[in-house]
Amino acid sequence: MTTATPAAPVPPEGSLAGLTVGVTADRRRDELEALLRRRGAKVVSAPALRIVPLDDDSVVREATEACLSAPLDYVVATTGVGWRGWISAAEGWGTGTRLVDACRNATVISRGPKATGAIRASGLRESYAPASEAVDEMLAWLLDRELSGRRIAVQEHGAPLPEFTAALRVRGAEVVEVPVYRWGPAADPDAVRRLVESTVRGEVHALPFTSAPAIEALLSAAQETGRREQLLAALRTDVLAACIGPVCARPLLAVDVPCVWPERGRLGALVRTLDQELPARHRREVAFEGARLTLQGASVSGPSGSVLLTPLPAAILHALAGRPGTVLSRAELLRRAWTVEPGAPRPTDEHAVEAAVARLRSALGPYARLVRTVTKRGYRLAVDAG
């Protein structure tokens, strides 16, 4: 009679234990990082952009006065933070009530749930909000209407919308652009470059994005260091790209990077999507000494507890786990587990493998016997037969 092998456990530290997630967001960064760490992920923080309020409030004030100079027909709200900032600034100038009244007498359209929440918090109701949260759908909805002579206020969201506003003007509309804030360069560009390097080396398992400009900034940082193609290659294979929604994903989809996103554009939903997608990509289960071990990223979990590995030992373990029970030569492990600079020769010193395997065994602690030496041939995982 064969005794059933117990099911492999989920790492007790959380569903994302052993996995490294790079965060490029600035706004609500702390909230996103807390949600990830609560699930056991290691977080590498590198905001690719920062939100910079306009230094010259007169620009926003002049746009607001233009909105109040004659009745508005349509008002476009693109972000919740931008809308709240606009209304708050107007209140500071003593024109908040007039601005809200002007919007109440117009048709308000919202890009998505966050903007809708801000609109309703100011005592207004939206007349239209595209399910996709796409600017293109808002534009199509407006272009279906008679726009000649109509006045339209467009609250911008970090960058101008030249194609959007140009299309409205071609149809005869008078457009007032309201630039509430701008995206600025990263506060710590070195952190962004380090994130690119870590991703290329295979030390980052996922990159969640909350804005398209952050994606473009990360790709630009990679371009500056000659790593763009390597970064894209990583995102097309081992690194999961998760976006807050399809609009955010566009810069990656345009360069053939597959993306996942939740049905609703919320931080919690984004993290749940990572929770659903990421472990399956980096989790292996092996039978060892009558028990089941879970190998997830840099984590090894089993009946004797969990251990965390540093990147190189983790890479060696996963190379062996990819062919459990099969002997891999030192040369094969050099090829599979070591990363090298573009154009640089791959290391050939097999003593480096011996030293790394020794570190791996030491780090594995109660599971050290999992990695076996096969004399004159290499190494294998000592998995149970069957």
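So here's what we get for this one:
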| item | result |
| --- | --- |
| Filtered residues of the stretch 66-78 (kept if surrounded by fewer than 24 Cβ atoms within 10 Å (Cβ to Cβ) and either charged (D, E, K, R) or assigned to a loop (DSSP other than H, G, I, E, B) (or both)) | 69, 70, 71, 72, 73 |
| Any hit, the stretch 80-94, residues being assigned to a loop (DSSP other than H, G, I, E, B) and either of a type in the set (A, V, I, L, M, F, W, C) or touching a Leu at 6+ places or on another chain (Cβ under 6 Å) (or both) | no |
| Leading residue by the ranking (nearest to residue 48 (Cα to Cα)) among those in the stretch 160-186 that are free of Cβ contacts under 8 Å to residues at least 60 places away in the same chain and open to solvent by 40 Å² or more (accessible area, probe 1.4 Å) | 160 |
| Subset of the stretch 267-317 [among the hydroxyl-bearing types (Ser, Thr, Tyr) and in a strand (DSSP E or B)] | 294, 299, 301, 306 |
| Among residues of the stretch 241-295, those that are within 24 Å of residue 33 (Cα to Cα), aliphatic (A, V, I, L, M) and open to solvent by 60 Å² or more (accessible area, probe 1.4 Å), counted | 1 |
| Close pairs from the stretch 231-250: first within 20 Å of residue 192 (Cβ to Cβ) and assigned to a strand (DSSP E or B), partner open to solvent by 10 Å² or more (accessible area, probe 1.4 Å) and of a type in the set (Phe, Trp, Tyr), Cβ under 8 Å, at least 6 apart | 242/261; 243/261 |
| Top-ranked residue of the stretch 112-139 - restricted to ones that are aliphatic (A, V, I, L, M) and under 14 Å from residue 248 (Cβ atoms), ranked as least open to solvent (accessible area, probe 1.4 Å) | 134 |
| Output for the stretch 90-111, where each listed residue is open to solvent by 10 Å² or more (accessible area, probe 1.4 Å) and farther than 18 Å from residue 60 by Cβ | 101, 104, 105, 106, 107, 111 |
| Residues of the stretch 346-381 that turn out to be assigned to a strand (DSSP E or B) and open to solvent by 60 Å² or more (accessible area, probe 1.4 Å), as a count | 3 |
| Residues that are under 18 Å from residue 67 (Cβ atoms), in contact with a Phe, Trp or Tyr (Cβ under 9 Å, 6 or more places away or on another chain) and open to solvent by 30 Å² or more (accessible area, probe 1.4 Å), drawn from the stretch 140-154 | 150 |
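The values are calculated or read from the model by the stated rules, or taken from the named source; none is laboratory data. As the structure is a computational prediction, the values presented were derived from the model and not from experiment. Cβ sites come from the backbone with ideal geometry, for glycine too, and all protein chains shown count toward neighbours. With ligands, DNA and RNA removed, areas are computed over all heavy atoms of the protein, side chains included. Shrake-Rupley method; radii C 1.70, N 1.55, O 1.52, S 1.80 Å.
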